[in-house]
Every structure is written in C-alpha cells, then in structure tokens.
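The values are calculated or read from the model by the stated rules, or taken from the named source; none is laboratory data. As the structure is a prediction and not an experimental result, all values here were calculated from the model. Don't worry about glycine lacking a Cβ; one is built from the backbone with ideal geometry, like all the others, and counts go over all protein chains shown. All accessible areas refer to the heavy atoms of the entire protein, side chains included, with ligands and DNA or RNA removed. Shrake-Rupley method; radii C 1.70, N 1.55, O 1.52, S 1.80 Å.
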2 protein chains.
Amino acid sequence: MELLFLGTGSGVPAKYRNVSSIALKLLDERNSVWLFDCGEATQHQILKTTIKPRKIDKIFITHLHGDHIFGLPGLLSSRAFQGGDTPVTIYGPKGIKQYVTMSLKLSQSHFKYAIRFEEFSNDTTLLEDDQFIVTTKKLKHGIPSFGFRIQEKDREGELNAEKLRELGVPFGPLFGQLKKGETVTLDNGLELNGKDFIGPKQKGRIITILGDTVKHPNSVELAQDADVLVHESTFSGEEQELAKNYNHSTNIDAAQTAKEANVSQLLLTHISARYLFAESKEIERKAQQVFQNTQLMHDFSVVDVPLKKD
Amino acid sequence: MELLFLGTGSGVPAKYRNVSSIALKLLDERNSVWLFDCGEATQHQILKTTIKPRKIDKIFITHLHGDHIFGLPGLLSSRAFQGGDTPVTIYGPKGIKQYVTMSLKLSQSHFKYAIRFEEFSNDTTLLEDDQFIVTTKKLKHGIPSFGFRIQEKDREGELNAEKLRELGVPFGPLFGQLKKGETVTLDNGLELNGKDFIGPKQKGRIITILGDTVKHPNSVELAQDADVLVHESTFSGEEQELAKNYNHSTNIDAAQTAKEANVSQLLLTHISARYLFAESKEIERKAQQVFQNTQLMHDFSVVDVPLKKD
Ligand SMILES: [Zn+2]
Ligand SMILES: [Zn+2]
C-alpha cells in the first residue's frame with residue numbers, strides 16, 4: 001500500500017506542482033490502483049511513473065473544481081487507447097457523471113470498457129468488500145467537497161504451515177480445523193491446539209484523504225486514528241484570514257486536525273504556487289510544531305503505508 | 001508572425017509529443033496570440049514558453065476529438081487566474097460551446113472575462129477585419145473536421161518620411177497628400193510626386209492550418225499559394241491503408257497536397273507516437289521527395305513567417 005502524489009499544487013498548474021491527483025497503489029492487495037482526484041495532465045504525470053492506466057479501476061473525486069477533475073476525460077481516453085478493457089467506477093459528488101459523459105459524448109469517444117458512476121450528495125458508505133470499506137463525509141469549501149476514509153479490514157492471523165508440516169501434519173482438512181483455532185489429535189497421538197499456530201491478527205490500515213476544506217469536525221471524524229491523513233494546506237498559518245475567505249486550510253489547521261484525530265502521520269498537499277521551496281520547508285516546520293509527524297508533499301512523493309504490528 | 005508548435009502528437013500524449021495545439025504569435029501585428037486546437041496540458045506546454053495566456057484572444061478548434069479540445073477548460077481557467085480580463089472568442093464546430101460552457105458550469109468556474117462562441121457546420125468566413133480574413137472549409141475525418149486559411153491583407157507601401165523630411169517637407173497635411181500618391185509643390189517651388197516616396201506594397205501572408213483529415217480537395221483550396229501549410233501526418237506512406245481506415249493522412253498525402261496547392265512551405269504535425277526519432281526523420285525525408293520544402297515539427301518547434309518582398 002503506497003501513496004504516490006501525482007499533483008500537489010493548488011488551483012492552477014505551476015512549474016513544479018501539477019494540479020491535484022493522488023494514486024493509492026494497491027498492487028499487493030488487489031493488483032489495482034485507486035485514484036483520488038484527477039486534475040488536468042494527471043495522465044501526463046502518470047507517464048512519468050510505473051502506473052499502468054488500465055490498472056486504475058476506481059477513481060474518487062473530492063469535489064468538482066476544475067483543478068480536481070479536468071484531467072478525467074483525457075485519462076479515461078488514454079486508458080482505452082492503451083488497451084484498458086475492464087470497468088472503471090467513478091465515485092464523486094453529484095454532477096461528475098454529467099461532466100464525464102458529456103465530455104466523452106461531444107468528443108465522440110467510445111471505449112471498450114464500461115464506466116460506472118456512484119454519485120453522492122451526503123455522508124455515506126461508498127463501497128465495502130472483503131478487504132476495504134470506504135466512507136465519505138461532507139467538508140466545507142463553498143461547493144460540495146468531500147473527504148474519504150479508506151479502511152482496510154482486519155485480517156485473521158496466518159496459520160504457520162511450515163511449522164505444522166515439520167510436525168508431520170498432513171496438508172488437508174486438519175489445516176482447516178487448526179486455522180479455526182480448534183484442537184486436533186494426530187495419528188501419532190500428538191495433540192495440537194490451533195491457537196498455538198496462528199500468527200497475530202493483522203490490523204487493517206486506515207488512510208484518510210480529504211478534499212479542499214476549511215477546518216471542520218468531519219475531517220476529524222474521517223481521520224480518527226488513521227495511519228495517514230492527507231490534508232490540504234493551501235495557505236500558511238500567517239494567511240489564516242485569506243484561507244478562511246477562500247474556503248481553504250492552513251498548515252496549522254491541518255496539523256490541529258491531525259492531532260485531534262490522533263493520526264499517525266500527516267501529509268500536506270494542495271500547496272499554493274506562491275510558496276517557493278524554502279517557504280514550503282517553513283510551512284512544514286511550523287506544522288510539525290503542532291503535529292510532529294508531518295511531511296509536506298511534492299509531485300512524485302511516495303509514502304509507503306506498511307502493515308502494523310498488532 | 002511566428003508559429004509555435006505546442007503539441008505535435010496524435011491521439012494520446014506521449015513522452016516527447018503532447019496532443020495537438022499550435023500558437024500563431026501575432027505580437028508585432030496585433031499584440032495577440034491565436035491558438036489552434038487545445039489538447040490536454042496545452043496550458044502546461046505554454047508554461048514552458050514566453051506566451052502569456054491573457055494575450056490569447058482567439059482560439060480556433062478544428063474538430064471535437066478529445067486530443068484537440070480537452071485542454072480548453074483548464075486553459076480558460078488559468079487565463080482567468082492569471083489576470084486575463086479581455087474577451088476570448090472560440091471558433092469551432094457545433095458542440096464546442098456546449099462542451100466549454102458545461103465544463104465551466106459544472107466546475108463552478110467564474111471568470112472576469114467574456115467568452116464568445118462562433119460555431120460553424122459548413123464552409124464559411126469566420127472573421128474579417130483590417131488585417132486578416134479567416135475562412136474555414138470542411139475536411140474528411142469521420143466526424144466534422146475543418147481547416148483554416150488565415151490570410152493577411154495586403155498592406156499599402158509605407159511613405160518614406162525620413163527622405164521627405166530631408167527634402168524639407170513639413171510634417172502635416174502634405175504628408176497625407178503624398179501618401180495618396182498625389183503631386184505637391186513645396187513653398188520653395190520643388191515639385192514632388194507621392195508615388196516616388198511610397199515603398200512597395202506589402203503582400204499579406206497566408207497560413208493554412210488543417211484539422212485531421214484524409215487527403216481532400218478542400219485542403220488544396222484552403223492552402224492555395226499559402227506561405228505555410230500545416231498538415232497532419234499521422235501515418236507514414238507505408239501505412240496508406242491504415243491512414244485511410246482511421247481517417248488520417250500520411251506524409252505523402254500531405255506532400256502531394258502541398259504540391260497541388262503550390263504552397264511555399266509544408267509543416268508536418270500530428271505524428272503518431274509509434275514513430276521514434278529516426279523514423280520521423282525518414283518520414284520527413286520521404287515527404288521531401290514529393291515536396292521539397294517540408295519540415296516535420298516537434299513540440300516547441302518555432303517557424304517564423306517573414307513578410308514577403310513583392
Ligand atoms: Zn477546490
Ligand atoms: Zn481527430
């Protein structure tokens with residue numbers, strides 16, 4: 001599980017920061033990539049990575065501002081051109097379906113794969129399967145803007161098959177009983193308790209990715225105990241007034257939310273082009289004074305999210 | 001007058017060729033820039049040039065395929081963000097207005113400047129003013145696709161003011177009479193014929209920029225005696241069948257059109273990413289065998305179109 005930041009700028013593309021997009025690489029977990037927002041030229045950024053567009057099977061859109069969606073029709077087209085033939089689901093606020101379908105219809109784009117839309121206007125659960133549950137809550141940004149909590153389900157501990165084979169347990173139904181934690185007796189009279197051979201439960205990871213917003217209680221709820229919180233930081237703490245007027249957050253807002261939500265790690269993105277490199281280091285440093293484990297992201301920053309020891 | 005190629009690829013962005021866009025820089029002529037097509041990330045390409053988005057006041061769209069229009073909403077947004085406050089006119093096939101207005105409406109983009117649309121479905125004159133006349137004709141590409149002929153008007157020769165002042169002609173109404181080619185008599189009895197002081201007429205330049213198309217008689221009409229013909233060359237001459245099936249041209253189609261139309265110079269663009277650098281040189285060379293003054297364009301190629309001596 002790895003986060004790859006494809007665009008970390010705000011509003012308009014700049015020389016060193018493209019507009020918003022983040023890839024959540026789930027290659028080990030499900031051989032797929034999920035995309036969060038898709039500003040213009042996201043597909044161009046992807047060209048500079050190892051991501052294969054056809055592996056992107058879910059796209060989550062936080063809000064409909066242009067710097068978060070204008071790359072969507074092009075990415076979907078290139079995905080088709082490069083042989084993508086499996087469905088894509090797009091989750092986004094009401095309006096995203098009209099934007100995508102109209103763009104593809106007027107440009108007479110026809111794909112081999114299906115695009116499914118899951119539009120929402122309120123807090124809801126977007127998907128739940130064996131591995132993940134993804135929920136969304138509304139934030140505050142002038143237009144409907146949402147955050148996502150991607151919660152991996154806890155995994156049962158793994159049976160130590162090697163040890164069992166050493167003890168002469170034949171591969172078959174006995175393994176199943178042991179895996180359930182039952183006690184079994186081997187032909188040679190040896191009694192084995194399954195619980196002794198099951199590793200620790202694997203706690204699921206939690207990643208929270210928020211759309212543009214001012215500081216908001218729902219951010220804290222979405223980020224509660226998360227391993228990683230991705231938070232916008234359009235302005236520096238000195239521009240608190242400006243941030244509020246433009247419905248954005250400062251680095252300090254983000255750090256306070258991280259602290260209140262008791263997350264493990266805070267990643268700042270959506271950085272205004274007005275801040276040069278030295279200033280962005282200062283923005284990071286100031287946030288760290290409020291919440292220590294903070295990092296300010298750059299285009300192509302990679303953050304690994306390892307499995308936790310229980 | 002200068003052509004700056006912003007994107008010379010075909011279909012999808014590739015590492016060395018972005019999707020279609022060409023800037024016609026008219027800085028000396030009218031302090032403005034005209035854009036022809038606007039594929040995704042055209043604004044990103046512009047960031048690497050000296051072009052100021054606010055100087056772009058006319059955008060011509062050849063056809064609605066995504067690789068020619070998906071950069072339009074983003075470019076217009078950034079133009080607003082960067083202080084653009086003068087109107088823009090977008091000329092394009094029917095549908096372009098719906099695409100742009102819907103994209104801007106759903107993304108809740110509001111600009112200080114007006115966007116005017118001039119949609120067309122047939123051969124027509126798009127604009128005529130003191131300096132230019134721009135006409136369009138339909139080509140053949142599966143969907144409505146058009147070419148543009150940008151014809152600069154001939155300019156009257158300039159009065160040699162320096163010479164007249166040397167001869168003691170006082171600045172004022174006499175200059176006006178001489179400019180009209182009249183004969184005037186100075187206070188000192190000297191007789192001057194205006195025609196002797198007027199430079200040669202300045203022949204207007206003609207630039208023809210075609211949308212995607214198979215070889216077509218309208219291409220020849222649009223390009224007749226042009227200084228520069230910009231023609232797509234998606235496929236090489238060996239792929240004539242493929243080109244026809246996909247409604248595209250080869251380098252040979254383009255060169256034959258250039259020859260038939262008696263143009264001065266042929267510029268090839270819309271090059272498939274399948275052709276690497278060496279192959280593109282070969283495509284250029286083969287076209288030169290049919291029409292000698294041919295150049296194959298790359299992203300950021302610049303072609304000056306100087307004034308002609310009459
Ligand atoms: Zn926003
Ligand atoms: Zn086309």
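Tabulated values for the structure
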quantity	calculated
Filter result for B:Phe60 (among the aromatic types (Phe, Trp, Tyr) and under 26 Å from B:Glu128 (Cβ atoms))	yes
Any chance A:Glu241 is within 16 Å of ligand 1 (Cβ to nearest atom) and acidic (Asp, Glu)	no
Count - residues of the range B:137-183 that are of a type outside the set (Lys, Arg), more than 16 Å from ligand 2 (Cβ to nearest atom) and not in a strand (DSSP E or B)	23
Answer residue from the range A:99-113, given it is part of a helix (DSSP H, G or I) and in contact with a strand residue (DSSP E or B) (Cβ under 9 Å, 6 or more places away or on another chain) and is surrounded by the most Cβ atoms within 10 Å (Cβ to Cβ) among those	A:Tyr99
Which numbered condition A:Pro93 misses (of (1) assigned by TED's automatic domain parsing to the domain that holds A:Phe81; (2) of a type outside the set (S, T, N, Q); (3) out of contact with any Asp or Glu (no Cβ under 9 Å at 6 or more places or on another chain); (4) more than 16 Å from ligand 2 (Cβ to nearest atom))	(3)
Candidates A:Leu222, A:Leu192, A:Leu229, filtered to the one that is more than 32 Å from the chain's Cα centre (by Cα) and either part of a strand (DSSP E or B) or buried (at least 21 other Cβ atoms within 10 Å of the Cβ) (or both)	A:Leu192
Residues of the range A:223-233 satisfying the condition of being free of Cβ contacts under 8 Å to residues at least 60 places away in the same chain and either of a type in the set (Phe, Trp, Tyr) or within 30 Å of A:Lys180 (Cβ to Cβ) (or both)	A:Asp225
Checklist (1) in a strand (DSSP E or B); (2) more than 16 Å from ligand 1 (Cβ to nearest atom) applied to A:Gly92, failing item	(2)
Hits in the range A:67-85 (condition: in a loop (DSSP other than H, G, I, E, B) and out of contact with any His (no Cβ under 9 Å at 6 or more places or on another chain))	A:Phe70, A:Gln82, A:Gly83, A:Gly84, A:Asp85
Subset of the range B:283-300 [touching a strand residue (DSSP E or B) at 6+ places or on another chain (Cβ under 8 Å) and of a type in the set (S, T, N, Q)]	B:Gln288, B:Asn293, B:Thr294, B:Gln295
Which listed residue, of A:Ser107, A:Ser103, is at pLDDT 95 or above, under 23 Å from B:Ser272 (Cβ atoms) and within 11 Å of chain B (Cβ to nearest Cβ)	A:Ser107
Residue selected from the range B:139-189 under the condition within 14 Å of chain A (Cβ to nearest Cβ) and open to solvent by less than 30 Å² (accessible area, probe 1.4 Å), by the criterion nearest to ligand 1 (Cβ to nearest atom)	B:Ile143
A:Gln265 vs. criteria closer than 30 Å to A:Thr125 by Cβ, in contact with a strand residue (DSSP E or B) (Cβ under 9 Å, 6 or more places away or on another chain) and away from ligand 2 (no atom under 16 Å from the Cβ)	yes
Given (1) away from ligand 1 (no atom under 16 Å from the Cβ); (2) open to solvent by less than 50 Å² (accessible area, probe 1.4 Å); (3) at pLDDT 90 or above, number of the condition A:Lys203 does not satisfy	(2)
Inter-residue pairs, beta-carbon under 7 Å, first on the phi < 0 side of the Ramachandran plot and in the range A:52-69, second within 16 Å of ligand 2 (Cβ to nearest atom), 6+ apart	A:Pro53/A:Ser78
Within the range B:62-88, considering residues that are more than 22 Å from A:Ala80 (Cβ to Cβ) and among the aliphatic types (A, V, I, L, M), the one most open to solvent (accessible area, probe 1.4 Å)	B:Ala80
Any hit, the range B:262-270, residues being more than 20 Å from B:Leu3 (Cα to Cα) and buried (at least 18 other Cβ atoms within 10 Å of the Cβ)	no
Scope the range A:259-276; condition touching a residue at least 40 places away in the same chain (Cβ under 8 Å) and hydrophobic (A, V, I, L, M, F, W, C); matching residues	A:Ala261, A:Val263, A:Leu267, A:Ile271, A:Ala273
Subset tally (residues that are at pLDDT below 95 and assigned to a loop (DSSP other than H, G, I, E, B)) for the range B:258-304	5
The range A:277-288 - residue that is in contact (Cβ under 8 Å) with a residue 12 or more places away in the chain and closer than 15 Å to A:Ala254 by Cβ and, of those, surrounded by the most Cβ atoms within 10 Å (Cβ to Cβ)	A:Ala287
First in the range A:208-222 and in contact (Cβ under 8 Å) with a residue 40 or more places away in the chain, second anywhere and more than 15 Å from ligand 1 (Cβ to nearest atom) and part of a loop (DSSP other than H, G, I, E, B), Cβ under 7 Å, 6 or more apart	A:Thr208/A:Ala226; A:Val220/A:Ala261
Yes/no for A:Leu64 being out of contact with any Cys (no Cβ under 9 Å at 6 or more places or on another chain) and among the hydrophobic types (A, V, I, L, M, F, W, C)	yes
Members of the range B:1-60 that are more than 14 Å from chain A (Cβ to nearest Cβ), open to solvent by less than 10 Å² (accessible area, probe 1.4 Å) and of a type outside the set (A, V, I, L, M, F, W, C)	B:Thr8, B:Ser32
Hits in the range B:116-136 (condition: in a loop (DSSP other than H, G, I, E, B) and open to solvent by 70 Å² or more (accessible area, probe 1.4 Å))	B:Asn122, B:Asp123, B:Asp130
Criterion: in the same structural domain as B:Leu267 (by TED's automatic domain parsing), within 14 Å of ligand 2 (Cβ to nearest atom) and of a type in the set (S, T, N, Q) - qualifying residue of B:Thr62, B:Thr50	B:Thr62
Residue in the range B:248-257 that is open to solvent by 30 Å² or more (accessible area, probe 1.4 Å) and either at pLDDT 95 or above or closer than 16 Å to B:Ser10 by Cβ (or both) present	yes
